[in-house]
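What follows is a set of notes on a single structure, which appears directly below.
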Amino acid sequence: MATRLVLRRDRRRRLEQGHPWIYRSEVERVDGSLQPGDLVDIVNHQGAFLARGYANPASQIFARVLTYRQDEPIDVDFFRRRFRQAAEYRERFAPQALQYGRAVYGEADFVPGLVVDRFGDVLVAQVLTAGMERLFDDALQALVDVYKPRGVLARNDVPVRALEGLPLVVQTAYGEVPDVVDVIDNGLAFQVDLRQGQKTGYFWDQTENRAAIRPLMTGWTKRRALFGASSDGGDGARVLDCFCHTGAFAVHALHYGASHVKAVDISADAVALAQANARRNGVADRAEFIVANAFDFLREEDAKGARYDVVILDPPAFAKSRSTIERAAKGYKEINLRAMRILRDGGFLVTASCSYHMSPDRFRETVLDAAVDAHKVLRVVRDARAASDHPQNAGAPEQHYLKFLIYEVRSRR
């Protein structure tokens, strides 16, 4: 008989609403032995079956749901079905991801703890939990059967694994995996370092948002005149891209017609790759790549009275835990305040947060607080989330980690 997780009678019915996590506070008792990663049947206080998943008594997220069917075994065939369903979803809603993008997105594709990105004929997988670590041999076989990759790289070097008692390792799990690959994003070519790049190597969650900046990049001769500024500088936007990483937003901006882009990142390696990506796409002559701390650079630009038509802020996560939300909010307010101060009247602010613990409402409030201090009025152009290959379960608001906003910025003075 399978180990049973008996839930409290007075719990919220989050599981029935589709939330895939069971928190420690929701568990009444465990019937049977339990080791980290063991499969369990999840039942209500009366013993009625609700779901099957895996559990880790050492984690605050006590269990994660794999299936709501009592007769569904968790084996290679289970993963084949899940991956075929994931592929069909992307064929329908995010066709680019069939070649380049997020192929499997953990809980949202009903395989909690497993993320898989596709880079042409190479897959990069991240196993985030003890339960999925135990199941990965079956998952890997299913990945090979369904996607038929040349190779699969396990990028199991994310800090969250340590919370599950797992080692941090990067290794080839199947076939052959090169260190660097070329990918296509919105028709543009980028070189990606699979082993050393952040996360799985490329931020596919911003694909649709990068395409959304196209209307901001041209028509500035007319727009500057409408807002009482000199029309000098040409029709293309003058853009500042902070936290540019490997240049994805900068290259998109240049391709869409920006007259000049300054791209800033603290990592010299990232800036070098951004320069290479600009050259690869034939736009390097209109770009300036700078190794600098973005906070310091924004303050310096503000102090000297620099002006831009568009400022892009796509920083790494500032809030790594609930306890750091207030400090993170101060950081987000600082960079957005400085960005608004160096925008021309009628300019556009492109701002994002990938901090899981920063709610969408809190992020919007933080940007509005910055606007108050900068004496600006904001008009919403775009309020978005991660790309369509990063689906979200309706009952799990925690999956809405990426907040992406475009504002028109006008002066109140």
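Below are the figures for this structure:
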quantity: Some residue of segment 332-343 being hydroxyl-bearing (Ser, Thr, Tyr), crowded, with 23+ Cβ neighbours inside 10 Å, under 30 Å from Val115 (Cα atoms) and in contact with a helix residue (DSSP H, G or I) (Cβ under 7 Å, 6 or more places away or on another chain); calculated: yes
quantity: For Thr200: the one exception among (1) surrounded by fewer than 17 Cβ atoms within 10 Å (Cβ to Cβ); (2) of a type in the set (Ser, Thr, Tyr); (3) in contact (Cβ under 8 Å) with a residue 60 or more places away in the chain; calculated: (1)
quantity: Failed condition for Gly113, given (1) out of contact with any helix residue (DSSP H, G or I) (no Cβ under 8 Å at 6 or more places or on another chain); (2) buried (at least 19 other Cβ atoms within 10 Å of the Cβ); (3) on the phi > 0 side of the Ramachandran plot; (4) not aliphatic (A, V, I, L, M); calculated: (1)
quantity: Any hit, segment 120-141, residues being within 17 Å of Tyr202 (Cβ to Cβ), at pLDDT 95 or above, buried (at least 24 other Cβ atoms within 10 Å of the Cβ) and among the charged types (D, E, K, R); calculated: no
quantity: Residue selected from segment 306-332 under the condition over 18 Å from the mean Cα position of the chain (by Cα) and modelled with pLDDT of 95 or more, by the criterion nearest to Arg413 (Cα to Cα); calculated: Arg307
quantity: Any hit, segment 96-106, residues being over 19 Å from Val127 (Cβ atoms) and loosely packed, with under 13 Cβ neighbours inside 10 Å; calculated: no
quantity: Matching strands (runs of 3 or more DSSP E) fully within segment 37-129 where at least 1 residues are under 25 Å from the mean Cα position of the chain (by Cα) and more than 27 Å from Arg14 (Cα to Cα); calculated: 100-105, 114-119, 122-127
quantity: Scope segment 121-142; condition out of contact with any Phe, Trp or Tyr (no Cβ under 7 Å at 6 or more places or on another chain) and either under 16 Å from Leu194 (Cα atoms) or aromatic (Phe, Trp, Tyr) (or both); matching residues; calculated: Asp121, Val122, Val124, Ala125, Gln126, Phe136
quantity: Residue that is surrounded by the fewest Cβ atoms within 10 Å (Cβ to Cβ) [pool: residues in segment 203-224 that are more than 24 Å from the chain's Cα centre (by Cα) and without any contact (Cβ under 8 Å) to a residue 60 or more places away in the chain]; calculated: Lys222
quantity: Cβ-Cβ under 6 Å pairs, at least 6 apart or on other chains, segment 379-398 side in contact (Cβ under 8 Å) with a residue 12 or more places away in the chain and not assigned by the TED database to the domain that holds Arg13, far side buried (at least 16 other Cβ atoms within 10 Å of the Cβ) and among the small types (Gly, Ala, Ser); calculated: Arg382/Ala212; Ser388/Ala94; Asp389/Ala94; Asp389/Ala97; Asp389/Gly101; Pro391/Ala108; Gln392/Ala108; Asn393/Ala108
quantity: Members of segment 200-219 that are outside any helix (DSSP H, G or I) and among the small types (Gly, Ala, Ser); calculated: Gly201, Ala212, Gly219
quantity: The listed residue being closer than 18 Å to Ala396 by Cα, out of contact with any Pro (no Cβ under 7 Å at 6 or more places or on another chain) and surrounded by fewer than 17 Cβ atoms within 10 Å (Cβ to Cβ), out of Ser25, Ser33; calculated: Ser25
quantity: Helices (runs of 4 or more DSSP H) wholly inside segment 220-323 containing at least 2 residues that are under 23 Å from Ile184 (Cα atoms); calculated: 248-255, 268-280
quantity: Test: Val144 is without any contact (Cβ under 8 Å) to a residue 40 or more places away in the chain and among the β-branched types (Val, Ile, Thr); calculated: yes
quantity: Selection from segment 190-205 of residues that are over 16 Å from Val116 (Cα atoms) and at pLDDT 95 or above; calculated: Phe190
quantity: Criterion: among the basic types (Lys, Arg), surrounded by 14 or more Cβ atoms within 10 Å (Cβ to Cβ) and out of contact with any His (no Cβ under 9 Å at 6 or more places or on another chain) - qualifying residue of Arg379, Arg410, Arg385; calculated: Arg410
quantity: Search result, residues across segment 153-189 that are surrounded by 13 or more Cβ atoms within 10 Å (Cβ to Cβ) and either among the acidic types (Asp, Glu) or in a loop (DSSP other than H, G, I, E, B) (or both); calculated: Asp157, Val158, Glu164, Gly165, Leu166, Val177, Pro178, Asp182, Asp185, Asn186
quantity: Pairs, first part of a strand (DSSP E or B) in segment 15-31, second small (Gly, Ala, Ser), C-beta under 6 Å, six or more apart; calculated: Ile22/Ala63
quantity: Flag for Ala263 being under 24 Å from the mean Cα position of the chain (by Cα), over 14 Å from Arg238 (Cα atoms), touching a residue at least 12 places away in the same chain (Cβ under 8 Å) and assigned by the TED database to the domain that holds Arg223; calculated: no
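The values are calculated or read from the model by the stated rules, or taken from the named source; none is laboratory data. This one's a predicted model, so the numbers in the text were calculated from it and none came from an experiment. Note that we place each Cβ from the backbone using ideal geometry, even for glycine, and neighbour counts take in every protein chain shown.
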